[in-house]
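Below is one structure; the comments refer to it alone.
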Amino acid sequence: GLIRMYRQRGQAQKAFDQCVKLDATLEEKVPDLSKILKNEAAFHGSSRRVGADGLFISYDFSDSDQAADFEPLSSGTAAVEKGVFQLSSEDFSLWMLRNAEFDKEIDVEMTVTADADALIFAPFRTWDQKGYLLTLGLEGTELAKNEGEKVDSLTKNEKSKLPKGKEIQIRLLAKNGTFKVFLEGQETFAFSDASHTKGRLFLGVMKGTLTL
C-alpha cells in the first residue's frame, strides 16, 4: 500500500510564534513546523518539500515503524506487516497523523482493499471537536461537519461507493473548502464548505478491516 499526502503550512508557524511571544511558557508545547518541512525525522515515511509551504509524504509500509505515525484516537488496531498497513475496528476507530496541523489543503492517495463498512477521512479537525468527517462506505459517501458535539450531515452521494473485497485506488482531496473523492481516477463525489480549513488529519475504519 502507498499513501501520499500533501501538506500546506500556510500561516500556522506564524500563529505558533505569536503564541510564544504572548506566553513564553508555551515554547516547549508548540510544534516547530520548519523542522517538519526540512524533514528532520518528523515522519517515518519518506518526505520532500513541495514549494515553499508544502510537504509530500509517502508510505510504502516496508518498515513496521511507519505505523507509529498514526496515533490512535479510539479503540482499534493498526499494524504494518509484509508491506501493508491494516486498520481494524469492531465499531468505529480513528488514527491521527503525527499530531500535525494542516492548512487549506490535504491530498491523500492510497491503494485500499476494504473488508469493512466504511473508510473514514477526517480533515481539518481541532481539539474542540470541530472539523469534517467524510465517510466512504458500501452505501455511498457522506460528508458531515462537527461544531463541537453537534454533527450536521452536509450531503450524501449514494453512487460514490466503497467496493468490498476489491483492491482500488482512492484519492481524497480537501482543498480550500472543496472536498472530492476519486475512485480509480474518476471523480465520484464533490462538495464545498469552507467553515474549517485548518486542523489535524484523521483516517479511520468502520466495522471491519482496511488494508492499505
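Filter the range 140-158 down to the residues that are open to solvent by 80 Å² or more (accessible area, probe 1.4 Å) and modelled with pLDDT of 95 or more, then identify the one that is farthest from residue 117 (Cα to Cα). Walk me through it before giving the result.
At the first step, the residues of the range 140-158 found to be open to solvent by 80 Å² or more (accessible area, probe 1.4 Å) are 149-151, 156, 158.
This time we only want the ones that are modelled with pLDDT of 95 or more, so: 156, 158.
Details: 156: 16, 158: 14 Å.
The selected residue is 156.
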Exercise. Being under 29 Å from residue 53 (Cα atoms) and either among the hydroxyl-bearing types (Ser, Thr, Tyr) or in contact with a helix residue (DSSP H, G or I) (Cβ under 8 Å, 6 or more places away or on another chain) (or both), is that true of even one residue in the range 106-124?
Worked result: yes
Seminar exercise, completed: the range 124-202: strands (runs of 3 or more DSSP E) wholly inside it with 3 or more residues that are within 22 Å of residue 102 (Cα to Cα), in contact with a strand residue (DSSP E or B) (Cβ under 7 Å, 6 or more places away or on another chain) and touching a residue at least 12 places away in the same chain (Cβ under 8 Å) are 130-137, 140-147, 167-175, 178-183, 186-192
For this session: Could you figure out which of (1) in contact with a Pro (Cβ under 7 Å, 6 or more places away or on another chain); (2) within 21 Å of residue 208 (Cα to Cα) isn't true of residue 106?
Result: (2)
Exercise. When both residues are 6+ apart or on different chains and their Cβ atoms are under 8 Å apart, which pairs have a first residue that lies in the range 42-56 and is under 16 Å from residue 107 (Cα atoms), and a second that is at pLDDT below 80 and among the aromatic types (Phe, Trp, Tyr)?
Worked result: 50/6; 54/6; 55/6; 56/6
For this session: Only residues in the range 70-96 that are among the β-branched types (Val, Ile, Thr) count as the first member; pair them with residues that are open to solvent by less than 30 Å² (accessible area, probe 1.4 Å), Cβ under 8 angstrom, at least 6 apart or cross-chain, and list the lot.
Result: 77/87; 77/88; 77/89; 80/61; 80/66; 80/67; 84/61; 84/212
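The values are calculated or read from the model by the stated rules, or taken from the named source; none is laboratory data. All figures in this text were calculated on a predicted structure; none of them were measured in a lab. When we count neighbours, we look across all protein chains shown, and the Cβ atoms used for this are built from the backbone with ideal geometry, even at glycine. Accessible surface is based on the protein model in full, side chains and every heavy atom, while ligands, DNA and RNA are left aside. Shrake-Rupley method; radii C 1.70, N 1.55, O 1.52, S 1.80 Å.
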